[in-house]
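Here's the structure, in structure tokens; my notes come after.
A short reminder: the numbers here are calculations on the coordinates, not readings from a lab. Keep in mind it's a predicted model, so treat the numbers as computed, not measured. Cβ sites come from the backbone with ideal geometry, for glycine too, and all protein chains shown count toward neighbours.
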Amino acid sequence: MFGELMNASHVSLSKDYEVTGIELDTMVEAAWKQDGVIGARMTGAGFGGCTVSIVEDACVDSFIRNVGKEYQKKSDMLPIFILWTLEMDRQRISDQSNHFLRYSFGEMPLIFRKVSAK
């Protein structure tokens with residue numbers, strides 16, 4: 001249900017308010033095609049910026065690979081993916097240290113903050 005509301009919200013922001021643009025629409029529409037995506041939409045004030053997608057854990061790697069390729073193909077830009085989990089919120093509250101893992105997509109580094117599950 002929440003994912004459906006996210007999707008509907010993005011459609012409204014795109015069609016009714018026209019605040020998304022081709023880059024945001026491309027990223028969100030690519031996300032909607034992926035297995036394990038619960039919902040995706042733009043975030044922020046619009047006219048460029050970021051999207052947020054809720055993705056099942058088992059599908060995160062393929063999501064990054066597939067959405068990244070489609071976005072780059074359609075926009076000629078490299079995306080940045082930031083992984084955040086509920087476990088990270090709990091960890092952030094109890095431990096203010098920063099642990100980063102670096103991955104790469106093409107020529108561009110992707111930075112993920114990772115906290116092991118307990």
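Descriptive notes on the structure:
- Residue-count net charge about W32 - beta-carbon cut-off 12 Å; Lys, Arg +1, Asp, Glu -1: -3
- Amide hydrogen neighbours beyond the local backbone of T43, cut-off 5 Å, H modeled: C50, T51, V52
- Residue-count net charge about S12 - beta-carbon cut-off 13 Å; Lys, Arg +1, Asp, Glu -1: -2
- Neighbourhood net charge (12 Å Cβ-Cβ; Lys/Arg +1, Asp/Glu -1) for K74: -3
- Cleavage-rule hits (chymotrypsin sites (Phe, Trp or Tyr not before Pro)) in the range 1-45: DSSP loop, at most 15 neighbouring Cβ within 10 angstrom: Y17
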